[in-house]
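Enquirer: Okay, here's the structure, questions in a sec.
FYI, it's all coordinate maths here, none of it is from the lab. This is a predicted model, so every value here is computed, not measured. Using ideal geometry, Cβ is built from the backbone for each residue, glycine included, and neighbour counts are taken over all protein chains shown.
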C-alpha cells in the first residue's frame, strides 16, 4: 500500500482464531507496513454474549511462532 498516511493492520488473536487464519490474513495484506497481533485478554468470565471470554488466550510463545511463520509477508509484525 502506498501513501503518506501511516497505518497498521491489527488482529485480536482470540482463542477461536487459528494460526491458519492468521496466515490467510497475512497473505491477503501482504506487503503492508505493519501488522499487529493483539493478545486476547478475557475481561469478564461471565459475559453471556462472548463465548471467547470463557476460553484461555493463546500463549505468547504460540503467537511468536505464528509471527515467525508469516515473517517477510509484512514489513513489521509484532504482538502486543
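Enquirer: When the scattering of the stretch 1-44 is computed by the Debye formula from its Cα atoms alone, each counted once and equally, what is log10 I(q)/I(0) at q = 0.14, 0.26, 0.27, 0.32 Å⁻¹?
Expert: -0.40, -0.96, -1.01, -1.21
Enquirer: Between residue 4 and residue 41, what is the spin-label point distance in nm, taking each point 7 Å from the Cα along the Cα→C-beta axis?
Expert: 3.5
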